[in-house]
1. What is the extension gain from Glu353 to Glu164, computed as 0.36 nm multiplied by their sequence separation minus the C-alpha to C-alpha distance, in nm to one decimal?
2. R0 = 41 Å: FRET efficiency of Gln113 with Leu305, Cβ-based, nearest 0.05?
3. Using 0.36 nm times the number of residues separating Lys316 and Ile45, minus their current alpha carbon distance, what extension gain do you get?
4. Using each residue's phi in segment 368-385, evaluate 6.51 cos²θ - 1.76 cosθ + 1.60 at θ = phi - 60° and report the 3J(HN,Hα) Karplus result to the nearest Hz, with x for Gly and Pro.
5. Which percentage, to the nearest 5, of the DSSP beta bridges contained in the chain is antiparallel?
6. Report the net charge of residues surrounding Val128, where surrounding means a beta-carbon distance below 11 angstrom and charges are Lys +1, Arg +1, Asp -1, Glu -1.
7. Let's see if you can work this out: charge +1 on each Lys and Arg Cβ, -1 on each Asp and Glu Cβ, no other charges. What is the dipole magnitude of segment 65-296 about its Cα centre, in debye to the nearest 20?
8. Against the longest principal axis of the chain, how steep is helix 72-83, in degrees 0 to 90 to the nearest 10, with axes from Cα atoms?
Amino acid sequence: MFERLSAPKQDPILSISVAFKEDPRPNKIDLGIGVYRNSEGQTPIMAAVREAQLVLANTQQSKSYVGLAGDEVFNKAMVDLLLQGTKLHSRAAGVQTPGASGALRMLADLLKQARPDATVWISSPSYVNHRPVMEAAGLTVKEYPYFIAETKAVDEAAMLAQVEQLGESDVLLLHGCCHNPTGADISLDAWKRIAELANSKGFLPFVDIAYQGFGDGLMEDAAGLRILADSVEEMIIATSCSKNFGLYRERTGAAIVIGKTMEETMKARGRILEMARSTYTMPPDHGAAIVAMILNNPQLKETWLTELQDMNARIKRLREQLASAFQAATGSDRFDYFKRHKGMFSVTSLSDEQIATLRQEHGVYLVGGGRLNVAGLKESDIDAVVKAFIAVGA
Ligand SMILES: Cc1ncc(COP(=O)(O)O)c(C=O)c1O
């Protein structure tokens, strides 16, 4: 049966994690896969999550099926977390999905059903899985200009010039905050202009927000998305609890749809449920039950918010320390972009060859394209990373 299959492609990020695990060198450093690590190098279970798990273990009465949309308390909480107080809030409907990855795929399939000739525009570069997910749903994918490699900033003029050309069969995929892989976010003025253009040109905004709380704060990180939600007529959102609740392996996220009318919203939601039924039927419950409990319990919510702020502050500190260490070692401010960027990642200027040498000769692992996971650093690794960068000619 399987003899005609060609060899599968390796995932560019997950394959590096495997190589890292197999590397016997004790001082190896993993700056590849996007997980937060504390100063001991661990990806901790957050205190509020641990507490919620204990309550669930002691009080949950059944493991019976939940329903196609998953946990509706969770769905409402996710919609509220992003949209409460905006114009579109009352017309938004959420469906629990296996991570934001599941949401991206369900929404891509929804787009294919609603508009088979749709083109999804992704940033250049973008999250490594955006193109494969959209293409797997049969959608055409094109890229809009985004990043200036020399200055490590967003090229908003070029981006907006492209967005001005979009029309009714186009979908504009935007990173809600903490752009993956570059770490460079668009300004609030650019969000405002995109909202105006969505209204005048008729394209659909599609926001992927996987790092809410990892940039400037929980509400601040949704500010661009909320500008859209106050002015456009329809939009779709993929959101994740992998990073901000540390629930990576529990596969917890949501697809949010907002149509021009409530009837359209419910029709779109119904189509997602139909697709979920023929894909995985319903999402796993555990992570969503934890998030629903935390967001509806003031004491747990406070504990979660405090820890999230601490994680955020630590990432900012690491960014400062990394930039200063580079400045001290090179006498140049060319690595200052580390402190200008937001969230877990920054894209460095390393070539594929330099990345390979970093890995082989120094045990420092980055993903292809030069993305560095600042949130995966230990303070004690900073000097070794800087030395290794200089040794490969960065
Ligand atoms: C931009 C973006 N979207 C979606 C995802 C997928 O997240 P999840 O683990 O919730 O599936 C990621 C994860 O790295 C991401 O960076």
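The values are calculated or read from the model by the stated rules, or taken from the named source; none is laboratory data. Being a predicted model, the structure only gives us computed values, none of them experimental. Because the Cβ atoms are built from the backbone with ideal geometry, glycine has one as well, and the counts that use them run over all protein chains shown. Note: accessible area is taken over every heavy atom of the protein model, side chains too, but ligands, DNA and RNA are not part of it. Shrake-Rupley method; radii C 1.70, N 1.55, O 1.52, S 1.80 Å.
1. Working: separation 189, 0.36 × 189 = 68.04 nm, distance 3.71 nm.
Net length gain for the segment: 64.3 nm.
2. Values: r = 38 Å, r/R0 = 0.92.
The formula returns an efficiency of 0.60 here.
3. On the way: separation 271, 0.36 × 271 = 97.56 nm, distance 2.04 nm.
Here the segment from Lys316 to Ile45 would lengthen by 95.5 nm.
4. Running phi through 6.51 cos²θ - 1.76 cosθ + 1.60 with θ = phi - 60° gives x, x, x, 5, 10, 8, 4, 6, x, 7, 9, 3, 6, 8, 4, 4, 5, 5 Hz.
5. On the way: 17 of 37 bridges.
Rounded to the nearest five, the antiparallel share is 45 percent.
6. Values: positive: Arg131, Arg371; negative: Asp11.
Around Val128, the charge tally is +1.
7. Numbers: 21 positive and 28 negative charges, 110 e Å.
Dipole about the Cα centre, nearest 20: 520 debye.
8. 70
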